[in-house]
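A quick write-up on the structure given underneath.
Coordinate-derived values only; no laboratory data. What you are looking at is a predicted structure, and each value in this text was computed from that prediction instead of being measured. Here the Cβ is made from the backbone with ideal geometry for all residues, glycine too, and neighbour counts use every protein chain on show.
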Amino acid sequence: MSASDPASPQNPKRGRGPGRGRYQANGWSPAQIRALGTLTNIETAGSIFGLTRGAAYRLAANGDFPVPLVRVRTQYRVPVAEILRALCLAVHDEDPDP
């Protein structure tokens, strides 16, 4: 996958990230996850947890998604803070300078 591919972690607003890094969740670094904003879609959240699109929707429908979901009309939204907490990552990027 290239940086221009919409499913790469270089473009974290869509799709899933390839590979696994030392401090990454299925190709997603903590900074890339935080860059998603307040809410993200279920496909992106699922990819961070290593789930396929279908698996993410099945877990959501059964109430078994790894983090709490927000239902907006017919769509699921996932709080990014909950993703970070589930991965034992700080919700806010710590400032290295006090």
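Please compute the modelled spin-label separation between Ala35 and Arg71, points set 7 Å along Cα→Cβ, answer in nm with one decimal.
The answer from the label model is 3.3 nm.
Could you estimate the translational diffusion coefficient of the range 30-86 from the Stokes-Einstein equation, with Rh from the Kirkwood formula over C-alpha pairs, at 20 °C and 1.002 mPa s, in whole µm²/s?
192
Between Ala55 and Leu89, what is the label-to-label distance in nm when each label sits 7 Å out along the Cα-to-Cβ direction?
1.8
Please tell me the relative contact order of the range 30-86 in percent, rounded to the nearest whole number, where contacts are Cα pairs under 8 Å and at least six residues apart.
Worked out over the range 30-86, it gives 43 percent.
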